[in-house]
Structures are given as structure tokens and as C-alpha cells.
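Values quoted throughout were computed directly from the atomic coordinates according to the rules given, and no laboratory measurement underlies them. For clarity, every value in this text was computed on a predicted model and none was experimentally measured. Positions of Cβ are generated from backbone atoms using ideal geometry, with glycine treated the same way; all protein chains shown enter the neighbour counts.
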Ligand code: GMT
């Protein structure tokens, strides 16, 4: 279903040595960067991940994948441990040893900033240094660029990168507005490659204590404030009389701060929380719909993941979500905070399994055809080659 965008001439082009710098933790930008590195390695490029830990979703035994650890600087001379300086030094070392063609940094600070410093060091040492591509993921702009103590660094780091990409048109516009920059920004959307389930939906439901006839909504996130977890819980508070409607939260962070709200709303029997789940495919496949209540989302990887497994999504119409979700076709979009409207729709869908299946099929088709590895990775490859030809 994924359109094949790699032409024969692209396939025959020289394979690249690519450095990828990302946060290794369970977070949208790290997941996207890791997925991209794995897909590029499958296409024959040599991928050098640089970070303080191996990215959590990275299988280091895969061919063409290398990991270079940055040792953090815990000098007693410094009151605060520093990461940017040793990261810059590691970038120079890896570039020199492996002759990188491209250094692709995910998240502006401190990754793009360290790359700038590394480039300057390499220049003064007469060491060849690759072209730097910075990918903006959202919070580096929508949250950090509002902080005047870091905004000038973000702006400078972006403007001095050879190439800059944003994961949605919405984020591109936010960046131009927040930084008042004229820097050219290429929109390359995120992608997701679904994995085969290793457990049946019925066994997953059984392990969670959910009956086959229960209507199960799922939510995947790091529970940050921007995800509006109180709204998510309030939706299920509104329909708590329907005991067969359940909410499963796959949490990338501690849920304890929300437990008192669950009690207060009287929904402890209907909400199940699982922490740091890696096999998300097994849980999404066992669910009926996805529910996402963010007040801001440059893209929304959890939503794309949910859609990829053929589940319709109810989400807020914010940021870049409407660039891949189609209201009324792949699920439904609501204004942020419109808890009543969300609750009404959950209830409606719980009574209409035929519609759930139809919307789910549309969601899967949309995710697989527009936001799949073959299409998006080819866009990155073409962008790298363009940058390498214009930036030298
Ligand atoms: O908010 C998150 O889930 C984490 C955050 C991050 O910085 O990793 O995610 C951002 O990047 C993701 C990958 O490109 C996007 O899917 C998320 O929408 C974006 N988060 C926000 O904009 C709040």
C-alpha cells in the first residue's frame, strides 16, 4: 500500500555515511530518529547514532548500525553537568573516523548547537565535517522557543544548519512565527512502520482484565502537561455509568500524579495504566479506538501508531494532527478541552461497531499510504542529497 518512491537512479547512488543525533529515551523525536536510522541502514547507508545511551528502540545487531556513546561531563568543577561540550567533541571524532556525509540532528537544542560548535572545531583542525541537517520536532519550538533564555540559541542553531526540516506544515509555520526566521524549512512528515503482533487480542484483553465485549479506548503518551491527561480522564468520568467502556493508558512516565483524579472521578475500575510498554502493537491491536487530548502536537506519533493498526482516533484538532487525520473519515477531531463532545463520540462509537471498523480501515489506509517508511525515507534521502549539493 505504501507508494514506492525510490527510483532506479536513486538506488544506484553512492551510499552515505550518516550521523544521527537524538535523545535515546521513550519520546516522539527519539522514536522517529531511531526508525529513520533503521530504515536508512536497510537501504545500505551506514548509520552512526550518537547519544548518551543507545536509543531504546534500537537493535544494535542490525547491519550498518553503529552506536557512539557520549560520556557526560560530571566534573566537580562544574556546578551543573554538561552534555553539549562532550557531544560536540564526539561529533568531531565520529566525523573524522567515519567520514560522515551528513550529520542529522533531531531536536534543536542542544543537538544543533553542539553540531555548530563541532563544525567550528573541525574547521580549525582542518578535519572534514559533514553538512548538518536539523529536524524540528515540536517542543523545541512550541515550548523552548518561548523561553527567552534559550530562544536566541535555538534561532542561531537553526539558521546556521545547512538544512532544516519540520515534521509538519503547522510546525514550520510555528517556527517561522516564533523565531521570526527566513530560513528555508522543508516539511517531511513522520512515518511509522507497524510490527506484527506477538499476542492475540483476546489474550491481551484477558491479561488486562478486559472482557471481549468491553469497548476499549487506548492512549499512548509521555503524560506531559501538554497531553492534557485531566481532560482524557474527565471524558471517561462523563460516561462512567457505562461500565463496559474502558481506558488503557500506555504511559511513558509516572502516572502517580493522576491517581487522585482517577479516584475523584470514580473511574478506577475502568482505567488501566501500563508503564513503558515496548510491544505497543499487541495493546493497540486489542483496543477499539484511540483517544488523544493534547493542547499542542506538532505531529502526534501516538495517533499515527494507533491509526497504523487500523484503529480510529478521536483527537484534538491542534498543530499538525489534521495533516494526517481526516475528520469523519479516519476518526473525529475536536477543539482542545471539548470533553463533552469527546465523551458523546466515545459513547456513540461504543454502540456502532460497524462504523468503528470502517473508520479503522480508513485510518490504516491513510497511515500506510501517506506516512510509511518507503515514502518518507525516500524524501529524507532526496533531501540529504540536495543539501550535499547546495551546501558545500
Ligand atoms: O510530546 C511528545 O510526545 C514528545 C515530543 C518530543 O519532543 O519527542 O514529541 C514531539 O515530537 C514528536 C515526533 O516528531 C511529535 O510526534 C510530537 O507531536 C511532538 N510533541 C509536541 O509537539 C508536543
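When only Cα pairs below 8 angstrom with a gap of at least 6 residues are kept, region 201-370 shows a relative contact order of 23 percent. Placing dummy labels 7 Å off each Cα toward the beta-carbon, the span from residue 148 to residue 198 is 5.2 nm. Plugging the Kirkwood radius over Cα pairs into Stokes-Einstein for region 93-201, at a temperature of 25 °C and a viscosity of 0.890 mPa s, what D comes out in µm²/s? The Stokes-Einstein estimate is 162 µm²/s. Computed over the chain with a Gaussian network model linking Cα atoms closer than 10 Å, the most mobile of 362, 352, 282 is 352. GNM remark for the chain: springs join alpha carbons under 10 Å apart, and the peak mean-square fluctuation among 68, 368, 189 falls on 68. Using only the alpha-carbon atoms, how far is helix 113-124 inclined from the longest principal axis of the chain? Give it as 0 to 90 degrees, nearest 10. Taking the Cα atoms of the chain, the angle to 113-124 is about 10 degrees. In degrees between 0 and 90, to the nearest 10, how far off the longest principal axis of the chain does helix 373-390 point, with axes built from Cα atoms? Tilt of helix 373-390: around 20 degrees. Under the rule a/c < 1.5 gives rounded, and otherwise a/b versus b/c splits prolate from oblate, where does region 201-370 land using the Cα gyration tensor? Verdict is rounded for region 201-370.
Placing dummy labels 7 Å off each Cα toward the beta-carbon, the span from residue 213 to residue 82 is 6.5 nm. Spin-label model, residue 121 to residue 225: label points 7 Å out along the Cα-to-beta-carbon direction sit 3.4 nm apart. Computed over the chain, relative contact order equals 15 percent, with contacts defined as Cα pairs under 8 Å that lie 6+ residues apart. Computed from the C-beta positions of residue 361 and residue 253 and an R0 of 41 Å, the FRET efficiency is 0.80 to the nearest 0.05. With a Förster radius of 22 Å applied to the C-beta separation of residue 69 and residue 96, the computed FRET efficiency comes to 0.85.
Result for the chain in a Gaussian network model with C-alpha springs under 10 Å: among 225, 14, 246, the largest mean-square fluctuation is at 14. Rg over Rh for the chain works out to 0.99, using Cα positions for both radii and the Kirkwood form for Rh.
Taking Cα atoms only, the orientation of helix 28-42 departs from the longest principal axis of the chain by about 60 degrees.
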